[in-house]
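Notes follow the structure.
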Amino acid sequence: MPRILVTGATGQIGVELTLALRECYGADNVIAAGHRREPSGSLVHTGPYVSLDVRDAAALDALVPERGITVIYHLAALLSAVAEEQPLQAWDINMNGLLNVLESARKHGCQVFFPSSIAAFGPDTPPFDTPQDTVQHPSTIYGITKVTGELLCDYYYRRYGVDARGVRYPGLISNQVLPGGGTTDYAVDIFYAAVRQRHYDCFLRAGTQLDMMYMPDAIQAAIQLMETDVSRLTHRNGFNVTAMSFTPAQLAAAIQQHLPDFTISYAIDPLRQAIADSWPRHMDDSAARAEWGWQPRYDVAAMVTDMLRHITVKLRNE
Ligand code: SER
């Protein structure tokens, strides 16, 4: 049985991934580690939790052998918009955090999962059917840390044999924990606004098309890639994965199928609009499909139905 450490376990992906891993591998085998956000009851009541700043190499390096860790899902990072506000801190957390994880993995023989992002591409990347292997000149500090992270993970594999693997996630839509400081956050915020006040003021332009994915598929992608027999993999890191691709106007129309009185208006945030404009519109994820059987379950309609159901119940109980 693997012994797993999840860094960034209090974040948008972290909480749901930790709970899913505990279901798969047993609660005691999955140690959640968080730092910036308070852990939710669902994290601390279902298994072990530690407070850990991934920049603290000594603490990480002590924790891994002490808990017998064999696999690290390294999620701790600043997202794109907040990273633009604090570029030095973003570099420190995203890069030094990853380096510390890879060093511990090298010393203690761990497997590593590293989530990259559509942000690892830039304005000169082909925006439609973005190939798996193509130009990567991101214009954001977040994207620079992601493409560097992909390269560093590949380097640790080639140089030291560290079994590091990862995907390029698109915008992730979920209903348990809010994202914080991302450019694709509108696609989560819109559901809370729709249920609460039937209106959403969107910070991206109506026609800004981006790749997206519902959280259950994102969790499945991570676990499936990590469990794939390594002999099947040609790539290891930065697999393009997507499940749907839409604009704010199209998402609003899908919500109106359920809530006909829902309306959307636009108050563009120039910072986040510029970030979104530098990202691809729709990635080609055929390498992930061929090498490890990636297959999303949720399209836009199924995701919208499920999101509205969960958020309606959540807000009613608040
Ligand atoms: N969802 C992320 C963001 O918007 C992209 O990886 O920052």
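To keep it simple, each residue is scored yes or no on (1) more than 8 Å from the ligand (Cβ to nearest atom); (2) in a loop (DSSP other than H, G, I, E, B); (3) more than 23 Å from T148 (Cβ to Cβ).
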{"position": "N175", "(1), (2), (3)": "yes, yes, yes"}
{"position": "G180", "(1), (2), (3)": "yes, yes, no"}
{"position": "A194", "(1), (2), (3)": "yes, no, yes"}
{"position": "L204", "(1), (2), (3)": "yes, yes, yes"}
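Anything in the stretch 225-266 that is part of a loop (DSSP other than H, G, I, E, B) and either open to solvent by less than 20 Å² (accessible area, probe 1.4 Å) or without any contact (Cβ under 8 Å) to a residue 24 or more places away in the chain (or both)? List them, or say none. It would help to see each step written out before you state the result.
Here is the first cut: in the stretch 225-266, the residues part of a loop (DSSP other than H, G, I, E, B) are 228-229, 233-238, 241-243, 247, 257-262.
Residues satisfying the conditions are T228, D229, N237, G238, V241, T242, T247, P260, F262.
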Among residues of the stretch 1-38 being of a type in the set (D, E) and at pLDDT 95 or above, the residue surrounded by the most Cβ atoms within 10 Å (Cβ to Cβ) is E16
How many residues does the stretch 71-99 contain that are more than 15 Å from G149 (Cα to Cα), without any contact (Cβ under 8 Å) to a residue 60 or more places away in the chain, within 16 Å of the ligand (Cβ to nearest atom) and among the hydrophobic types (A, V, I, L, M, F, W, C)? 0
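When the stretch 112-126 is examined, which residues are found to be open to solvent by less than 30 Å² (accessible area, probe 1.4 Å) and either among the aromatic types (F, W, Y) or away from the ligand (no atom under 16 Å from the Cβ) (or both)? Steps first, please.
In the first step, residues of the stretch 112-126 are kept if they are open to solvent by less than 30 Å² (accessible area, probe 1.4 Å); the result is 112-122, 125.
The answer is V112, F113, F114, F121.
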Within the stretch 100-143, how many residues are farther than 19 Å from V54 by Cα, hydrophobic (A, V, I, L, M, F, W, C) and without any contact (Cβ under 8 Å) to a residue 60 or more places away in the chain? 1
Would you list the strands (runs of 3 or more DSSP E) that sit entirely within the stretch 56-147 and hold 1 or more residues that are aliphatic (A, V, I, L, M)? 71-74, 111-113
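Within the stretch 182-192, count every residue that is near the ligand (Cβ under 7 Å from one of its atoms) and farther than 20 Å from L17 by Cβ. Before the answer, list the steps.
Within the stretch 182-192, the subset near the ligand (Cβ under 7 Å from one of its atoms) is 182-185.
Pick out the ones that are also farther than 20 Å from L17 by Cβ and you get 183.
Total meeting the criteria: 1.
Restrict the check to the stretch 162-169 and report whether at least one residue is in contact (Cβ under 8 Å) with a residue 60 or more places away in the chain and either surrounded by fewer than 17 Cβ atoms within 10 Å (Cβ to Cβ) or in a helix (DSSP H, G or I) (or both). Talk me through it step by step, then tell me what you get.
If we filter the stretch 162-169 for residues that are in contact (Cβ under 8 Å) with a residue 60 or more places away in the chain, which is where we start, we get 162-169.
Imposing the further condition that a residue be either surrounded by fewer than 17 Cβ atoms within 10 Å (Cβ to Cβ) or in a helix (DSSP H, G or I) (or both) reduces the set to none.
Looking through the stretch 162-169, none of the residues is in contact (Cβ under 8 Å) with a residue 60 or more places away in the chain and either surrounded by fewer than 17 Cβ atoms within 10 Å (Cβ to Cβ) or in a helix (DSSP H, G or I) (or both).
Counting only residues that are among the small types (G, A, S) and not in a loop (DSSP other than H, G, I, E, B), which one in the stretch 1-20 is farthest from V167 (Cα to Cα)?
Of the stretch 1-20, the ones among the small types (G, A, S) are 8-9, 11, 14, 20.
Next, only the ones that are not in a loop (DSSP other than H, G, I, E, B) stay: 14, 20.
Details: G14: 15, A20: 18 Å.
This residue is A20.
The values are calculated or read from the model by the stated rules, or taken from the named source; none is laboratory data. If you're wondering where the values come from, they're calculated on a predicted model, not measured in any experiment. So basically every Cβ, Gly included, is an ideal-geometry build from the backbone, and we count neighbours across all protein chains shown. Surface areas here come from the heavy atoms of the whole protein model, side chains and all, with no ligands, DNA or RNA. Shrake-Rupley method; radii C 1.70, N 1.55, O 1.52, S 1.80 Å.
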